[in-house]
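The values are calculated or read from the model by the stated rules, or taken from the named source; none is laboratory data. All of these numbers come straight from a predicted model, not from anything done at the bench. Glycine gets a Cβ as well: all are built from the backbone with ideal geometry, and neighbour counts include every protein chain shown.
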Number of protein chains: 2
Amino acid sequence: MLKKERQAYIIQQINIHNKVLSSDLCVQLDVSEDTVRRDLQELAEEGKLIKVHGGALAKSFHFTIESKQVYSLPEKKIIAHKAIDLIKDGMLVVISGGTTMRELVNMLPPDLNATFVTTNVPIALELLEHPNAEVIFLGNKLLKSAQMAVGAEVVQRLGQIKADLCLLGTNSIDLNFGITDLEWEIIEVKKAMIACAQKTVSLAISEKLNTTQRLQVCALDQVDVLITELDPTNEKLTPYAKLGLSIL
Amino acid sequence: MLKKERQAYIIQQINIHNKVLSSDLCVQLDVSEDTVRRDLQELAEEGKLIKVHGGALAKSFHFTIESKQVYSLPEKKIIAHKAIDLIKDGMLVVISGGTTMRELVNMLPPDLNATFVTTNVPIALELLEHPNAEVIFLGNKLLKSAQMAVGAEVVQRLGQIKADLCLLGTNSIDLNFGITDLEWEIIEVKKAMIACAQKTVSLAISEKLNTTQRLQVCALDQVDVLITELDPTNEKLTPYAKLGLSIL
DNA sequence: TGCGTTCCCGCATAATCACGCAAAAAATTT
DNA sequence: AAATTTTTTGCGTGATTATGCGGGAACGCA
């Protein structure tokens, strides 16, 4: 077996498992541990992996302490409060994820009698704490990064729903590109959410205004209401109002 | 398992729970307490956490925010530990709810590569924290009391699954009446879980032995393994062993 | 105060690593 | 095709690192 082949195999293994053990590799490749170690060292120098005692880790294997996002930002509370007024008794509400949404669910008036549809696990959990809310979770394979269910199954079942309201936590909103998001699987679900609801509401902190991500969820003409923590008369919002969005 | 991996896992646990216990970690990671302690010490020197007696705290730990983590009974840890040995790489595991199950999910070895199917929201959330587990949530209407999805939809989709293992949190188990539970909708789902799995494991604290509820989930002949916190040779368990159950 | 847990220290063991050297393999030149 | 150079590999040695265990000290709780 050629050296290049071996190293390619190592990279491949790293990509699959995010790690390799020297001891494993020297069995799989039928070479001595020294050779494996030299290979790993070379690959490490080329920046293709991180060498550690006993093996190597994927370059993407970095662990940082991300301080847990404080979800009691006052802005989010303001937004949540405004949005809650849109939810009336008897409504069927489709609700996405995000910390703002969690804040909203937490603040729901206890006597509200509404049905909520979500694919987001933490949101579902919060909703379960509500005494009167009926909760429908559309499940399937769960996406770790967003803690939500995604996939054709979810999209299809959203298509069978006629909702009154779609509450959309929004990462990025822009005059030209509309609402955008990071991951393909997420925008698929959000699209379906918007499509099934009579009225779509975008909840966004003002810092998310006029920012974009790679993938488009929908254009602004599909959004009916925009909620930020700002006063509706704020000049940052006037361009959005001119496009026909209701500002709250 | 590589040292860095272990430390990354510790950091992750800290990020999730704001704290870790050395005693927990050494079980989860399958290393001695000394090793855990040395890891914590290293990470503390790097400023990634705060070492305290018995474990460590997140750097951002606020004493005002007491994490509402339920104090878990040591019995449940023993049970969880026994059950984890049954889960092997590549398995498809159907898993019910309950605090014991949560303990189990929390203790899953980080390098385990398995797929989990559940209908329980808190369990799904815990599973999402696991670095390698694939999580499938079978959703539908959520039952507030059990924080799980129930209904024909769930049962039907469970019927489409061929699982290797069914881990069943058990409220009541009795020699005559088998496993019983409180609510109609729950037993429907549990029945389906048992039916779709090759092997059914009942996890029960010994105080649940020889108790009954109103509704039967299944007779004992459908249960393959019974796990309690007791020693398998304990006389309380011998009648169950005589019925053909494996006792762990 | 007393008891169980956790911690700290040193040591033993085993695994891993780094280095040099020589054999083997591959590539290059003659 | 033979000879020479270069690269690669395996092995031995000793250093380094990682881990577990025992014993005594320190800690925390009742």
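Considering only region B:4-24, state which residues are near DNA strand C (Cβ under 10 Å from one of its atoms) and either in contact with an Asp or Glu (Cβ under 9 Å, 6 or more places away or on another chain) or under 25 Å from A:I14 (Cβ atoms) (or both). If you could, list the steps in order and put the result at the bottom.
Applying the first criterion (near DNA strand C (Cβ under 10 Å from one of its atoms)) to region B:4-24 yields B:21-24.
Result: B:S22, B:S23.
Can you tell me which residue within region A:98-120, out of those that are among the β-branched types (V, I, T) and within 14 Å of chain B (Cβ to nearest Cβ), is farthest from A:A146 (Cα to Cα)?
Applying the filter and picking the extreme gives A:T115.
Can you tell me which residue is farthest from A:L209 (Cα to Cα) among those in region A:233-243 that are under 27 Å from the mean Cα position of the chain (by Cα) and assigned to a loop (DSSP other than H, G, I, E, B)?
Going through the qualifying residues, I end up with A:L243.
Answer yes if at least one residue in region B:145-155 is touching an Asp or Glu at 6+ places or on another chain (Cβ under 9 Å) and farther than 24 Å from A:T118 by Cα, and no otherwise.
Scanning region B:145-155, I find no residue that is touching an Asp or Glu at 6+ places or on another chain (Cβ under 9 Å) and farther than 24 Å from A:T118 by Cα, so the answer is no.
Could you tell me whether region B:179-189 includes any residue that is among the aromatic types (F, W, Y) and surrounded by fewer than 18 Cβ atoms within 10 Å (Cβ to Cβ)? Reasoning before the result, please.
In the first step, residues of region B:179-189 are kept if they are among the aromatic types (F, W, Y); the result is B:184.
With the extra rule that they be surrounded by fewer than 18 Cβ atoms within 10 Å (Cβ to Cβ), the set shrinks to B:184.
For region B:179-189, residues among the aromatic types (F, W, Y) and surrounded by fewer than 18 Cβ atoms within 10 Å (Cβ to Cβ): present.
Filter region B:16-44 down to residues that are more than 13 Å from DNA strand D (Cβ to nearest atom) and either out of contact with any helix residue (DSSP H, G or I) (no Cβ under 9 Å at 6 or more places or on another chain) or farther than 21 Å from B:L108 by Cβ (or both) and give me whichever is nearest to the other protein chains (Cβ to nearest Cβ).
The extreme case among them is B:N18.
Against the conditions (1) buried (at least 18 other Cβ atoms within 10 Å of the Cβ); (2) at pLDDT below 90, where does A:V36 fall short? Just the number, please.
Among (1) buried (at least 18 other Cβ atoms within 10 Å of the Cβ); (2) at pLDDT below 90, A:V36 violates only (2).
Kindly check whether there is at least one residue in region A:102-112 that is among the β-branched types (V, I, T) and buried (at least 23 other Cβ atoms within 10 Å of the Cβ).
yes
Return the residue satisfying two criteria in turn: it lies in region B:1-15 and is within 14 Å of DNA strand D (Cβ to nearest atom) and under 14 Å from B:A44 (Cα atoms), and of such residues it is nearest to the chain's Cα centre (by Cα).
Ranking the candidates gives B:I10 first.
If I filter region A:49-88 down to residues being within 16 Å of DNA strand D (Cβ to nearest atom) and modelled with pLDDT of 90 or more, which single residue comes out as nearest to A:A133 (Cα to Cα)?
Per the criteria, the residue is A:L57.
When the residues of region B:135-151 are filtered to those that are on the phi < 0 side of the Ramachandran plot and touching a residue at least 24 places away in the same chain (Cβ under 8 Å), which remaining residue is nearest to the other protein chains (Cβ to nearest Cβ)?
B:A149
Can you tell me which residue is modelled with the highest pLDDT among those in region B:39-48 that are more than 8 Å from DNA strand C (Cβ to nearest atom) and either closer than 15 Å to B:Y9 by Cβ or buried (at least 19 other Cβ atoms within 10 Å of the Cβ) (or both)? Working first, answer last.
In the first step, residues of region B:39-48 are kept if they are more than 8 Å from DNA strand C (Cβ to nearest atom); the result is B:39, B:42-48.
Checking which are either closer than 15 Å to B:Y9 by Cβ or buried (at least 19 other Cβ atoms within 10 Å of the Cβ) (or both) leaves us with B:39, B:42-43, B:48.
Details: B:D39: 95, B:E42: 92, B:L43: 92, B:K48: 89.
Looking at residues that are more than 8 Å from DNA strand C (Cβ to nearest atom) and either closer than 15 Å to B:Y9 by Cβ or buried (at least 19 other Cβ atoms within 10 Å of the Cβ) (or both), I get B:D39.
Does region A:120-176 hold any residues that are of a type in the set (G, A, S) and closer than 17 Å to A:N106 by Cβ, and which are they?
Those that are of a type in the set (G, A, S) and closer than 17 Å to A:N106 by Cβ: A:A124, A:A133, A:G169.
Within region A:64-71, is there a residue that is in the same structural domain as A:D164 (by TED's automatic domain parsing) and of a type in the set (G, A, S)?
no
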